[in-house]
1. So which residues in the stretch A:236-253 are closer than 15 Å to A:Lys343 by Cβ, without any contact (Cβ under 8 Å) to a residue 60 or more places away in the chain and not in a loop (DSSP other than H, G, I, E, B)?
2. Step by step: first the residues of the stretch A:202-211, then only those that are of a type outside the set (A, V, I, L, M) and either buried (at least 21 other Cβ atoms within 10 Å of the Cβ) or touching a Cys at 6+ places or on another chain (Cβ under 9 Å) (or both), then the one that is nearest to A:Val279 (Cα to Cα). Which residue is that?
3. With part of a helix (DSSP H, G or I), open to solvent by less than 80 Å² (accessible area, probe 1.4 Å), among the small types (Gly, Ala, Ser) and under 24 Å from B:Lys259 (Cα atoms) as the only criterion, which of B:Ala199, B:Ala226 stands out?
4. Could you please tell me which pairs satisfy a Cβ distance under 9 Å, a separation of 6+ or placement on different chains, a first residue in the stretch B:254-274 that is more than 18 Å from B:Ser293 (Cβ to Cβ) and touching a residue at least 60 places away in the same chain (Cβ under 8 Å), and a second residue that is of a type in the set (Gly, Ala, Ser) and outside any helix (DSSP H, G or I)?
5. Give the stretch B:274-296 a look and list any residue that's away from chain A (no Cβ under 12 Å), open to solvent by 10 Å² or more (accessible area, probe 1.4 Å) and closer than 23 Å to A:Val279 by Cβ, or say none.
6. For residues in the stretch B:360-376 being without any contact (Cβ under 8 Å) to a residue 12 or more places away in the chain and not basic (Lys, Arg), which is surrounded by the most Cβ atoms within 10 Å (Cβ to Cβ)?
7. Looking only at the stretch A:406-417, which residues are facing another protein chain (nearest Cβ under 10 Å) and not polar (S, T, N, Q)?
8. Going by the structure shown, is A:Gly148 within 22 Å of A:Ser266 (Cβ to Cβ), in contact (Cβ under 8 Å) with a residue 24 or more places away in the chain and of a type outside the set (Asp, Glu)?
There are 2 protein chains.
Amino acid sequence: MEYQSILIKDAIIIGSEIKKSSILIENDLITQIDDNINSNDADEVINGEGKVLTPGLINTHTHLSMTLMRGLADDVPLNTWLNDYIWPAEDNIEGKHCYAGALLACAEMIKSGTTTFNDMYFFIDDVAKAVDESGLRGMLSHGMIDLGDEEKRKKEFKESIRIIKKCHNTADGRIKIALGPHAPYTCSTELLRWVRRKADELGVRIHIHVSETEFEVEQIINSHGARPFEYLNEIDFLGDDVLAAHGVWLSDSEMDIIKNNQVKLSHNPISNMKLASGVSPVSKMIDKGINVSLGTDGAASNNNLDLLEEMKTAALLQKIQNLDSTLLSAQQVVEMATINGAKALGMEKEIGTIEVGKKADLTLLNFHKTHLTPYRHPLSHLVYSAQGSDVDTVICNGQILMQDREVFILDEKEVIQLAEEAAQDLLS
Amino acid sequence: MEYQSILIKDAIIIGSEIKKSSILIENDLITQIDDNINSNDADEVINGEGKVLTPGLINTHTHLSMTLMRGLADDVPLNTWLNDYIWPAEDNIEGKHCYAGALLACAEMIKSGTTTFNDMYFFIDDVAKAVDESGLRGMLSHGMIDLGDEEKRKKEFKESIRIIKKCHNTADGRIKIALGPHAPYTCSTELLRWVRRKADELGVRIHIHVSETEFEVEQIINSHGARPFEYLNEIDFLGDDVLAAHGVWLSDSEMDIIKNNQVKLSHNPISNMKLASGVSPVSKMIDKGINVSLGTDGAASNNNLDLLEEMKTAALLQKIQNLDSTLLSAQQVVEMATINGAKALGMEKEIGTIEVGKKADLTLLNFHKTHLTPYRHPLSHLVYSAQGSDVDTVICNGQILMQDREVFILDEKEVIQLAEEAAQDLLS
């Protein structure tokens, strides 16, 4: 629902401190945080009593359209998953499938409190159409792969430029386009150098997979005589505008390279566990001052896009991996899913915290539930007890996308129906 | 709601095969599974279209009343958690707190699809009152600790016998009492020998914590010159009526002891991760033919009682620990949470599968959700995509406890209010 002004009254606000207060939203911005805002000052008043307000959650690595492949194959080796299921499906994929899958993903993200995400896939103008319609904020990139083939490389350049020209900064600025070289093991050095040059030239960011599996690290060592981040550093690819997804297999010197170049990391614990890729040294990176954010990866390797589930799993995985229950506290995990995500996308001046002057991207959770009783330590409950379905109301760019779990911006039944038909068409 | 007969029509049934069919419940039993049961034959008809019916989920290790301590302390070392938070709270605990906490736990379990659980705590007659009122099926035990003190030991004997006499086989047989020696490191050999003798004499089962932490294993080695399961075997404590919770730190020869004595294991992955206790060798035990089931542990170390979350985490943890994505398949995890749980409690003739002649303990999940679209592979969606809030309807012992997410058997608001007051009273 679009209003000129919205008041969220008497919610527990996860801000610079955690306290009960009220928030006034005017147009797309947060304009007041105060205990005594008059209800008459707003077109719409949302009662926040018994509820917790967080910055809209930020998912820094996903492939929206892969929702169509949710549950297609599980419990199989990574190679089987890719070669026998995912790649054959992607061989047949068209823009209409990508649109339907992305729309389903957007509806799912709204229902679980995500307001901003970072996507990499194909047919990005179709994805952008879904994002525009969903009211969400997204950074999208065309996934580029050349495997050393010059012809293929030129096509990827052309498509990337086409998408940037067509979609960057559209939908009232909610949609940004990045360059998306898939990974060092699928992209030639020529492609990566072009990406670095174009990113500088056009002022767009870079989204890439790095060191998800041990196997790909060995491939890079064999072909380039250096570990992936060492190689990327040698070819001057790295910078503070690069977001690297996964970062599972990292040496200490690679972590120093990441830190020194201010590369942003997206940690995807559920996908890494499900595909048995390995455990990223997240606590160690945070200690070094590296910006680590959270991603769900695609629904085919998760199998959902619920950042609340991802937050809990991230904390649990660091604790058990290091046999230290103090690692990755609730506070740190909430930062990963909010402000660190904003920094990862270069959007920290606009989103990621609840502050006057920032965009009104907000997630309101209903804590009046049996599994959130007794009402205590909001950060602990948020990370360790809550789930996506506790999200009650979602606001993005000042627009109410969902209220009392009813999605206004999309027709959920139609979205589900469209996705069922697209999945049927794609996989039959 | 109590009806003489209930028909669940056209649901996907997770039975010996997975197929769409209908189920007739008469009184407390499943009496027909057939595509063509006439709706006129039932007092109540539940439309199962777009829904998935599983056996009621079984939680084989928890401490219900600890819901009051949910979020009391997180991200701290185990010793701090116990010494500075949990034990001081438990020093003040009374029957009224245990009742309120157990009632909250029962409401939470109903809302997330659990119909049977295995509890160990104090003031068990107060807990039993809550279980009776909630309509759930539970095995309860008074947690016995003597730390070698004879006086304390005699008190524990007396309390255990009192609870068995008062509560065993009450609430239409829904409540069973077991003997609950806390753990080998907190109970003397005398206490454990008495438990074994009484269990045989009274025909009740045994519920015990074993080898949750490496520290306690070292303690047993120091005091008894053998690892915990070796020691328990030497004193003839083990048998097919023993359910051991955790079993994290196990040698190969201990796994053989578990197998040979048909001891049942309860795996609690989230608690083990959150407290950084370690990873139980679950896949290895299942390969050896050991019956491994699933538990949430208490809400203070989880921090909820959602078995669907536990199922996903169990699968993810085995895969990542062994870097093998094929381990602990969705099918195996569903078995852990249903039939293996029934076997763990000696109830496999009554519950744990959907079969004619078994008790009507059933969980119906609504799959018409964005995060469960496309509608595909019910087992995969159940384990990897669903969450507790997708549970729509819960039936236990032929009685509808919740329908369309509305709990009939308890007043949720009152339960939450009572728990808030009890937590306030206990911890202030």
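The values are calculated or read from the model by the stated rules, or taken from the named source; none is laboratory data. It should be emphasised that the depicted structure is a prediction, and the values quoted were computed from it without experimental measurement. Methodologically, a virtual Cβ is constructed for each residue, glycine included, from the backbone with ideal geometry; neighbour enumeration extends over all protein chains shown. Just so you know, the surface numbers come from the protein's heavy atoms only, side chains and all, with ligands and any DNA or RNA stripped out. Shrake-Rupley method; radii C 1.70, N 1.55, O 1.52, S 1.80 Å.
1. Hits for the stretch A:236-253 are A:Val242, A:Ala244.
2. To start, the set of residues in the stretch A:202-211 that are of a type outside the set (A, V, I, L, M) comprises A:203, A:205, A:207, A:209, A:211.
Retained after the next criterion (residues that are either buried (at least 21 other Cβ atoms within 10 Å of the Cβ) or touching a Cys at 6+ places or on another chain (Cβ under 9 Å) (or both)): A:205, A:207, A:209, A:211.
Details: A:Arg205: 26, A:His207: 20, A:His209: 15, A:Ser211: 11 Å.
The selected residue is A:Ser211.
3. B:Ala199
4. Pairs that qualify, where the first residue is more than 18 Å from B:Ser293 (Cβ to Cβ) and touching a residue at least 60 places away in the same chain (Cβ under 8 Å) and the partner is of a type in the set (Gly, Ala, Ser) and outside any helix (DSSP H, G or I), are B:Lys274/A:Ser325.
5. Hits for the stretch B:274-296 are B:Pro281, B:Lys284, B:Ile286.
6. The residue in question is B:Thr373.
7. A:Val407, A:Leu410, A:Glu412, A:Lys413, A:Val415, A:Ile416
8. On the way: within 22 Å of A:Ser266 (Cβ to Cβ): no; in contact (Cβ under 8 Å) with a residue 24 or more places away in the chain: yes; of a type outside the set (Asp, Glu): yes.
So A:Gly148 fails the test.
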